Amino acid sequence: MIILFTDFGLEGPYTGQVQALLYQQAPGVPVVNLFSDLAPFDIQAAAYLLPAYTSGFPPGSVFLCVVDPGVGGARPGGVVRADGRWYVGPDEGLFAMLTRRARHVECWELPHPRKASRSFHGRDVFAPLAARLARDGGFGAGPVATPPRARPEWPDELYRVVYVDRYGNAITGVRAGAAGDAATLTVNGHALPHAGTFADVGAGTAFWYENASGLVEIAVNRGRADQLLGIAVGTPFGLD
């Protein structure tokens, strides 16, 4: 299957144009829209979500990953094979946490595209390559093997909000295993206890928990954590 991981949004033509090309060039291959509403332009936030939300897919899956504020410029495009899954997209750090945490990693840099829209490499460069990987299991000549593009200045755990879902829950860049159930989360002057799940606290109560993808998530039972606590993508927090 081909899985979309982008900040394109569902409003407007962008996600639909990418899906249409994939259906044409990889007929019969399922296309799954995992994220289309990543925080616009926020490469770091997406980088911490990527390994958590893609590790459950089977080997051979192809992830089309696009958060691309440098589109049309000198930034490189990349192909990564991590633990048997393929990842394609702009390589300005989007794959940094994935390659840091994977057991087996291979990376390639894409040649600069000659015939492509300078403003829509997601459709014109990365989607055709994703289709070929899904269809043929490889990419042929062109990409050049390269070491992983590391971001050593980025921490193993990112203590800020990286995504807010439609319920107002705030997903963070911290893996729950690094926190411990006894930890108190502090954000914007609020001290939040740990709970196992929503039903463990009363309605309107704020808490943090380990979400279904293993990350620390800030939530309010039957309420919106983003509104109650004044948090958004980028909000820092502490765990003690």
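The values are calculated or read from the model by the stated rules, or taken from the named source; none is laboratory data. The model shown is predicted, which means the values in this text are computed figures rather than measured ones. Positions of Cβ are generated from backbone atoms using ideal geometry, with glycine treated the same way; all protein chains shown enter the neighbour counts. With ligands, DNA and RNA removed, areas are computed over all heavy atoms of the protein, side chains included. Shrake-Rupley method; radii C 1.70, N 1.55, O 1.52, S 1.80 Å.
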Label point 7 Å beyond Cα of Thr186 along Cβ direction - residues of the range 152-166 with amide nitrogen under 17 Å
159-161
Of the residues Pro30, Leu10, Pro113, the Cα lying farthest along the dipole of the chain towards its positive end, which is defined by charges on the beta carbon of Lys, Arg, Asp and Glu, belongs to Pro113
Taking every pair of Cα atoms in the range 86-195, average 1/r, invert it to obtain the Kirkwood radius, and report Rg/Rh to two decimals.
1.09
What angle do you read, to the nearest 10 degrees and between 0 and 90, between the alpha-carbon axis of helix 127-136 and the longest principal axis of the chain?
80
Per-peptide average of other Cβ atoms within 10 Å, ordering 131-143, 153-165 highest first
153-165, 131-143
What percentage of the solvent-accessible surface of the chain, computed with a 1.4 Å probe over protein heavy atoms, is contributed by carbon and sulfur atoms?
52
Farthest toward positive dipole pole in the range 40-154 [+1 Lys/Arg, -1 Asp/Glu at C-beta], among Ala150, Ala82, Pro128:
Pro128
Percent breakdown of C-alpha pair distances by 5 Å bin, ordered from the shortest bin, for the chain:
1, 7, 14, 17, 18, 14, 11, 8, 6, 3, 1, 0
More than 18 Å apart - percent of Cα-Cα pairs taken over the range 108-158
48
Hey, for a label at Arg100 modelled as a point 7 Å past Cα toward Cβ, could you say which residues of the range 208-240 have their backbone N under 16 Å away?
215-216
Using the charge dipole of the range 151-193 (Lys, Arg: +1 at Cβ; Asp, Glu: -1 at Cβ; taken about the Cα centre), state which of Val162, Leu185, Val174 has its Cα farthest towards the positive end.
Val162
Report the percentage of all Cα-Cα pairs in the range 9-72 whose separation exceeds 14 Å, rounded to a whole percent.
64
Rg ratio (alpha-carbon, reference 2.2 N^0.38 Å) - the range 138-236
1.34
Dipole in debye (nearest 20) - the range 98-240, about Cα centre, beta carbon charges: Lys, Arg +1; Asp, Glu -1:
800
Work out the length of the dipole vector of the chain about its Cα centre, built from +1 on the beta-carbon of each Lys and Arg and -1 on the beta-carbon of each Asp and Glu, and round it to the nearest 20 debye.
700
In deg cm²/dmol, rounded to the nearest 500, the helical mean residue ellipticity at 222 nm of the chain, built from -39500 (n - 2.57) for every DSSP H run of length 4 or more, is -5500 deg cm²/dmol
Whole Å is fine, so just give me how far the alpha carbon centre of the range 215-240 lies from that of the range 79-119.
31
Can you classify the range 1-142 as rounded, prolate or oblate using the Cα gyration tensor, where a ≥ b ≥ c are the square roots of its eigenvalues, rounded means a/c under 1.5, and otherwise it's prolate if a/b beats b/c and oblate if not?
rounded
The chain accessible area per residue, 1.4 Å probe, protein heavy atoms, integer Å², reads 45
